[in-house]
Amino acid sequence: MSPHGGTARLIAAVQHAGVSDARVLAAMRAVPRAAFVPEALRDQAYENCALPIGHGQTVSRPDVVAAMTAALAPGSRLKVLEVGTGSGYQAAILAQLSRRVYTVEQDRVLLRIARERLMQVHCHNVTSRVGDGWQGWPEQASFPRIIVTAAADRVPERLADQLDPGGVMVAPVSRPDGEQELVRLARDAETGGFAEDRLGAVRFVPLIATADGRGHRTD
């Protein structure tokens, strides 16, 4: 299938899943998903399915990427913290919609590959580091938008603390029964308190802490 035909099929699947945000759809048209999957799986790049990228991680289904991005509501003047770079695909989508993306990945090899892919598709407003996603990126905090692409058993407090008043965080959270739900956390601009919305069932790999609990800069 040609890239153009594949993208049209991907967008149709995203719209069928209920995502109609024009800016999100335009970003997904602009970013070739095939650039973010292993070469052996590129014939499946435009299917609406998660694909393995090695090291126990996956690139999420396009409809999930779209739904999380729409719920996050990034803006062209806003910076975004992404926890869990993975393949770099979600960061590339966010880069189309945000002023700057800061992305944290605990696996050095995956981050190196993601950086190469992001450069190949000319995403020059993404800054990355190897680190513990539970800790966020304190040196760049606070953030008006935070997105987490791995599941924790609770909303990480350190990440919530790095959210601007009036800001939004979207994250998958594991329930006691082992299922996962997508959570949208909004911080009140006046009180600093949090309001939580549950957006539906999802399936993500776990959010893993580094052995010493700290992040490590590589750039």
Read phi for every residue in segment 126-131 and hand back ³J(HN,Hα) as whole Hz from Karplus 6.51 cos²θ - 1.76 cosθ + 1.60, θ = phi - 60°, with x for Gly and Pro. 10, 10, 10, 8, 7, x
Applying the Karplus parametrisation 6.51 cos²θ - 1.76 cosθ + 1.60 with θ = phi - 60° to the phi angles of segment 185-200, what ³J(HN,Hα) value in whole Hz is obtained for each residue in order, glycine and proline being reported as x? 10, 10, 9, 5, 5, 9, 8, x, x, 10, 10, 10, 10, 9, 10, x
Apply the Karplus curve 6.51 cos²θ - 1.76 cosθ + 1.60, θ = phi - 60°, to the phi angles in segment 170-178 and return the couplings in whole Hz, x for Gly and Pro. 10, 8, x, 10, 7, 8, x, 7, x
Other-chain or far-sequence residues with amide H under 5 Å of ASN48's (modelled H): none
Expected sort for ILE146, ILE208 with the fewest Cβ neighbours (10 Å cutoff) up front is ILE208, ILE146
List ILE113, ILE147, ILE11 from most exposed to least, where exposure is judged by having the fewest other Cβ atoms within 10 Å. ILE11, ILE113, ILE147
Amide H of LEU81: which non-local residues (sequence gap of 5 or more, or other chain) have their own amide H closer than 5 Å, using H built in the peptide plane? TYR102, ARG145, ILE146, ILE147
Protection proxy (average C-beta count within 10 Å per residue), highest first, orders 75-88, 44-57, 190-203, 129-142 as 75-88, 129-142, 44-57, 190-203
Between segment 71-93 and segment 29-48, the Cα center-to-center distance that results, in Å: 18
Which of PRO165, GLY131, ALA114 sits farthest toward the positive end of the charge dipole of segment 62-211, with +1 on the Cβ of Lys and Arg and -1 on the Cβ of Asp and Glu? ALA114
Using Cα springs under 10 Å in a Gaussian network model of the chain, which residue among ALA95, ALA186, ALA17 shows the largest mean-square fluctuation? ALA17
Estimated dipole of segment 3-202 in Debye, rounded to 20 [Cβ of Lys and Arg +1, of Asp and Glu -1, Cα centre]: 720
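Values in this text are rule-based calculations from the coordinates and carry no lab data. Please read all numbers here as calculations on a predicted model, not as lab measurements. A quick note on method: Cβ atoms are made from the backbone with ideal geometry, for glycine too, and the neighbour counts reach across all protein chains shown.
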